Each structure stands twice: as C-alpha cells, then as structure tokens.
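The values are calculated or read from the model by the stated rules, or taken from the named source; none is laboratory data. On a predicted model such as this, the values are computed, not experimentally measured, just so you know. Note that we place each Cβ from the backbone using ideal geometry, even for glycine, and neighbour counts take in every protein chain shown. Accessible surface is based on the protein model in full, side chains and every heavy atom, while ligands, DNA and RNA are left aside. Shrake-Rupley method; radii C 1.70, N 1.55, O 1.52, S 1.80 Å.
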Amino acid sequence: MVTNTATGGLDRILTLEIARVTERAAVAASRLRGRGDEKEADQVAVDAMRQELNKLPIAGTVVIGEGERDEAPMLYIGEEVGTRNGPEVDIALDPLEGTTICAKNLPNSLAVIAVAEKGSLLYAPDVYMEKVAIGPGFPAGTVSLDATPTENVMAVAKAKGVRINDVTACILDRPRHARMIEEVRATGAAIRLIGDGDVAGVIHTTDPDETGIDIYMGIGGAPEGVLAAAALRCIGGQMQGRLQLNTEEKVIRARKMGIEDPMRVYTMEEMASGDVVFSATGVTDGNMLGGVRFARDAIVTHTIVMRSSSRTVREIKARHQDLGKFG
Ligand code: VTB
C-alpha cells in the first residue's frame, strides 16, 4: 500500500520517522566540521543515514543518491533500503549536502532526504541543472528559465511590491555564473554568493524575511535540483529546472534514465509530482536551521520536516540524551 487513505497521501508516521534519518546523518557529519576532510565527513554521514534509513518500515529504492552503483558503495542509485515491510517508495537523498562547507565549518550544510510515492521523482542523471526558484505567495509564472535573469529579478520585485534594490538573489559562486552575476548586479539587486549548498539556497527562498533570499538562480547539480523541488513542493513556491545535457554522452545517459527531450524545462511539479515527505537537519549553522550542538549531556539537532499532501512544515529541535545511539 503506497498511500494511507485515512490521512491522505504517504503514511503520516513517515514524516516524523524520516527526521531521525537526517538527524543521525547530521550528527555524524557534524563531528567532522571544520576538519578539512570532505570525503570523511561525507562517508560518516552516508553510513549513519543508511543505518537509520534501513530501520524505516518502507520498501524504498534510492533514485537520487550517492551515484551509480559502480561509483558509490552505499546509497547508490537503485539500492533498496528500509525493512521492506511497508509501502514502496522512491528516495532522494544527500547525507551531506555541502561537503566542502562542512569541511570548512561554513554556513548551511545539511543532511537531506525526500521520500516520495514510487515513480513520482524525476530520475535525474548526475549532471548540471539550470535552476530558478522562488518561494510561495507569488502569481504563477512569476519566474521562468526562458526569461533573462534581469526579467526574473524585476518580476520578483514587482510581485513583492519592493524596489529592485531590495531584492536578493542567491547564486553559486562559480566562474560559469560570471555573466549572470554581472547582469543581476547591473539591475541593482543584491546577490548572496554561496560556495556550495544550493538545496539550502532554494529552500531559503521560502522564507525571505528570515533568510534574506528572494530568488535562487543558476547552474548546480541536477540531483540537488530534484531534492530542492521536493522540498518546495511541501512548502509551496515555484521552480524550474533544465538539465545541462551538453555532450552526446550525457544525452545518452539521460535517455537511459527515461529523459527523451534534452532541452526540456521541468517545473517543480514535474520534478516531484507525487506525494512527498522531506526532512533536512542542519549540520553547520545556517540561515534557517541551526547546526548540531554538543552539550554536556545531550546532542541538540535542528530539523525541518514537511509533507506535501498537508503542507505542514515542522521544525524539530531535538535534545538527544541517549548518546550511545550516535556511537
Ligand atoms: C551544487 C551544490 C553542491 O555542487 O549543486 C554544486 O549544491 C554544483 O556543482 O553542494 P559544482 O561544485 O561543480 O559547481 C555542490 O557544490 C557539491 O555537491
């Protein structure tokens, strides 16, 4: 049974259960914050997430994970997870989104997971994706990948009823964005340049008063795009993504995953179409979520969990006193 008709959508219990999965991964990664070892931080997060995920009463299949089976020993695409005693679901995950930010102990690295109805997530290859995203409360079609960055920023300012100088766009700090950055700056809008972590960048658009970010734009990872779309489906907002299939090899890889039109623009609903539950736990301190804290007698985690069918967004600040379970 995939859905629970009494409550609508995926079983509600999962919403709280998946918080444990990202909490556990975040705690493991947080112990390696600022230690300069991205690989090790990622590895411990993967191990921890997998252990906790395998306790969930689901028959899950990883569709967005650590990579193809031959390049990732764990949580690879196609890996079956959960107790197998429960609904068939698809899983998108990133045990440590922002490995470099964690290794440097900079803001906004997260442990993230989305659990969705089978077949309802875009099976995206690990290529780049061009993205644009805004939070809830805007008229449909406010931003588009077919519009220029200037047009998108102007549309957000107009719809929000503020001057263009009062809009902040979040963009990954990469040479490939030099022209976009120049163009957005020329409009008068402010830019928040981030080193990594565009899942957080997209989620931050949903609460501009708290995060200071109105619009996310630019090219990042496609798996991160699907995860961000899943999150936005739960909170509300608009997002478009276009895979960057700029070589024949990438077009063929994508075709094998069922993608026929390499130029297609996917909406948020097309990237995450079915019922979905999403959880993110802060690893390092961030604009929305605090990082893991180690107190004298407890570990404190800060998590956001949400569910698309009810649009409930919960923040869970947990004090874990049974420290043994974190190893
Ligand atoms: C982004 C960001 C990730 O990759 O998707 C980015 O969210 C894009 O790739 O945290 P490049 O680093 O090659 O630009 C990450 O930085 C790492 O997965």
Hey, Thr205 within 16 Å of the ligand (Cβ to nearest atom) and either of a type in the set (S, T, N, Q) or modelled with pLDDT under 95 (or both) or not: yes
Hey, Asp94 part of a strand (DSSP E or B), charged (D, E, K, R) and closer than 19 Å to Gly221 by Cα or not: yes
Sole exception among (1) touching a Ser or Thr at 6+ places or on another chain (Cβ under 8 Å); (2) open to solvent by 10 Å² or more (accessible area, probe 1.4 Å) for Glu270, by number: (1)
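Every residue, every condition in (1) more than 20 Å from Leu122 (Cβ to Cβ); (2) at pLDDT below 95; (3) outside the structural domain of Leu172 (by TED's automatic domain parsing), yes or no:
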| residue | (1), (2), (3) |
| --- | --- |
| Gln43 | yes, no, yes |
| Glu52 | yes, no, yes |
| Leu56 | yes, no, yes |
| Thr61 | no, no, yes |
| Gly67 | no, yes, yes |
| Leu93 | no, no, yes |
| Leu96 | yes, no, yes |
| Asn105 | yes, no, yes |
| Asn108 | yes, no, yes |
Every pair of residues 6+ apart whose Cβ atoms lie under 7 Å, when the first sits in segment 95-110 and is among the charged types (D, E, K, R) while the second is open to solvent by 30 Å² or more (accessible area, probe 1.4 Å) and near the ligand (Cβ under 9 Å from one of its atoms): Glu97/Glu224
Among the candidates Asp196, Asp173, residue that is among the charged types (D, E, K, R), free of Cβ contacts under 8 Å to residues at least 24 places away in the same chain and within 16 Å of the ligand (Cβ to nearest atom): Asp173
Failed item in (1) under 22 Å from Ala254 (Cβ atoms); (2) assigned to a loop (DSSP other than H, G, I, E, B); (3) modelled with pLDDT of 95 or more, with Ala114 passing the rest: (2)
Residues of segment 210-249 satisfying the condition of being within 16 Å of the ligand (Cβ to nearest atom), open to solvent by 10 Å² or more (accessible area, probe 1.4 Å) and farther than 25 Å from Thr148 by Cβ: Pro223, Thr247
Selection count, segment 19-44, where residues are out of contact with any Cys (no Cβ under 6 Å at 6 or more places or on another chain) and closer than 10 Å to Thr281 by Cβ: 10
Residue that is surrounded by the fewest Cβ atoms within 10 Å (Cβ to Cβ), among those in segment 291-316 that are on the phi < 0 side of the Ramachandran plot and of a type in the set (D, E, K, R): Arg296
Test: residue in segment 80-94 that is farther than 24 Å from Gly274 by Cβ and aliphatic (A, V, I, L, M): no
Condition met for Arg185 (more than 17 Å from the chain's Cα centre (by Cα), near the ligand (Cβ under 8 Å from one of its atoms) and assigned to a helix (DSSP H, G or I)): no
Qualifying residue in segment 71-82 (condition: assigned to a strand (DSSP E or B) and surrounded by fewer than 21 Cβ atoms within 10 Å (Cβ to Cβ)): yes
Complete set of residues in segment 125-150 that are assigned to a loop (DSSP other than H, G, I, E, B) and open to solvent by 50 Å² or more (accessible area, probe 1.4 Å): Asp126, Pro136, Gly137, Pro139, Ala140, Gly141, Asp146, Thr148
Hits in segment 161-183 (condition: more than 15 Å from Ile219 (Cα to Cα), hydrophobic (A, V, I, L, M, F, W, C) and crowded, with 19+ Cβ neighbours inside 10 Å): Val167
Test: residue in segment 94-105 that is over 28 Å from Lys250 (Cβ atoms), open to solvent by 20 Å² or more (accessible area, probe 1.4 Å) and touching a Lys or Arg at 6+ places or on another chain (Cβ under 7 Å): yes
Condition check for Glu52: of a type in the set (Asp, Glu), farther than 19 Å from Gly221 by Cβ and open to solvent by 40 Å² or more (accessible area, probe 1.4 Å): no
